[in-house]
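The next block holds one structure in the form of structure tokens; read it before the comments.
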Ligand code: AOF
Ligand code: ZN
């Protein structure tokens, strides 16, 4: 019978099955750090005979779960894997060898593994065993999924995503009243899926003082909360703010008096500047960071070139004078930071614009 029509089935078969592997990998988002989210699908002819994903660091790799499900049907199958199979003895034996031993006939990989322990050797091991390997289908999506892992491996710091919601005239809050929601329920739901998928979430001292936010994931089935991080150079935020009870990390300058926070059991990181702070967060194994404001923190990250990706909701509302999403002005249009690979999507009445400032 002919496959049902639809955008998925109009893709070439390798892209179509890799999309299934990417969907598997997505189930691990926010749960695998410092490891990558990885998905694997085993296919015989047109039939999926096994599927799996890496659920958490210390657990078996995606390939192992897919091979377990396939059993004997793995022999001669094509394996679709979102990341090059590993070539090293880590917490598990090399997946390249496990795939070979199972008799897999062909391997399709979305992206190579930047981990120096792997870095092309997984593919080389498979080819040396006489297995055909194709690299590339689904690569763009795989790189976006693995941005956190790849950032941690290559730069030693988390991938930073700045998020805010503003009115049609570019304001994030009214002048006389800090509260009041800018975006629609559909937009806020999307934000919750990001909180579920990113390792950490950061705000500045101003936001803690003004909103005493919880920064939790709400309304996502099976969702987990990101680790809160508070950037507060002089440690002036209230030691009894809600976030500390949720395990928030306090990032301060080298001289701050943190005795009250330490007495409250808060984890404190000291850094001279933001890049050093991010590296310190990386050593905690946090691979991605959602920046949720406010304007001072966002401007500081932007001017330091430390925002990698931007996700902005625009709500069709007009406020007039109000609070801008960014604090510091850029003095000339030709100095404005321009996003690359821009996407737009309508969510209820709001428009979501995303784009990249740094390469993955
Ligand atoms: C794969 N499949 O599902 C994952 C891979 O500490 P270990 O032993 O789990 O090894 C972690 C490294 O293995 C990680 O840094 C990355 O290079 C690779 N992750 N590889 O073949 C998987 N999660
Ligand atoms: Zn592996």
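Between residue 358 and residue 46, residue separation times 0.36 nm minus the direct Cα-Cα distance comes to 108.5 nm. Working value for the range 113-191: equivalent-ellipsoid semi-axes of 44, 15, 8 Å, each the square root of 5 times a Cα gyration tensor eigenvalue, largest first. Across every direction, the projection of the convex hull enclosing the Cα atoms of the range 205-360 has a mean area of 11.5 nm².
Name the shape class, rounded, prolate or oblate, that the alpha-carbon gyration tensor gives for the range 144-296, where a ≥ b ≥ c are the square roots of its eigenvalues, rounded holds for a/c under 1.5, and otherwise prolate holds if a/b is larger than b/c and oblate otherwise.
On the way: a/c = 1.60, a/b = 1.15, b/c = 1.39.
It comes out oblate by the Cα gyration axes.
What the Kirkwood sum gives for the range 192-278 is a hydrodynamic radius of 13.3 Å, with every pair of different alpha carbons counted. For the chain, a/c is not less than 1.5, where a ≥ b ≥ c are the root eigenvalues of the C-alpha gyration tensor, and a/b tops b/c. That puts it in the prolate class. Compared with the dominant Cα axis of the chain, that is its longest principal axis, helix 13-26 is turned about 50°.
Label separation (residue 257 vs residue 169): 4.4 nm, computed from points 7 Å beyond Cα along the C-beta direction. Relative to the dominant Cα principal axis of the chain, helix 274-283 is inclined by about 40°. Take the Cα of residue 336, step 7 Å toward its Cβ, do the same at residue 68, and the gap between the two points is 5.2 nm. Helices in the chain, meaning DSSP H runs of at least 4 residues, each add -39500 (n - 2.57). Divided by all residues, the mean residue ellipticity at 222 nm is -8000 deg cm²/dmol. Between the beta carbons of residue 245 and residue 296, assuming R0 = 25 Å, the FRET efficiency works out to 0.55 to the nearest 0.05. Annotation for residue 91 and residue 343: the two label points, set 7 Å from Cα along the Cα-Cβ direction, are 2.9 nm apart.
Seen against the Cα atoms of the chain and their longest principal axis, helix 185-197 is set at about 60 degrees. Placing a label point 7 Å from the Cα of residue 317 along the Cα-to-Cβ line, the residues of the range 184-211 whose backbone N sits under 14 Å from it are 184-188. Taking other C-beta atoms within 10 Å as the exposure proxy, 299, 259 rank 259, 299 from fewest upward. The overall shape of the range 9-142, judged from the alpha-carbon gyration tensor, is rounded, with an a/c ratio under 1.5. For the range 246-290, the alpha carbon positions stretch 28, 24, 16 Å along the principal axes, listed from largest to smallest.
Comparing Cα centroids, the range 91-124 and the range 209-247 end up 39 angstrom apart. Subtracting the Cα-Cα distance of residue 11 and residue 75 from their residue separation scaled by 0.36 nm leaves 20.5 nm.
Quick note: the coordinates plus some simple rules give every number you see, no bench work behind them. Predicted, not measured: the structure shown is a model, and the values here were computed from it. In this analysis, Cβ positions are derived from the backbone assuming ideal geometry, glycine residues included, and neighbour counts consider all displayed protein chains.
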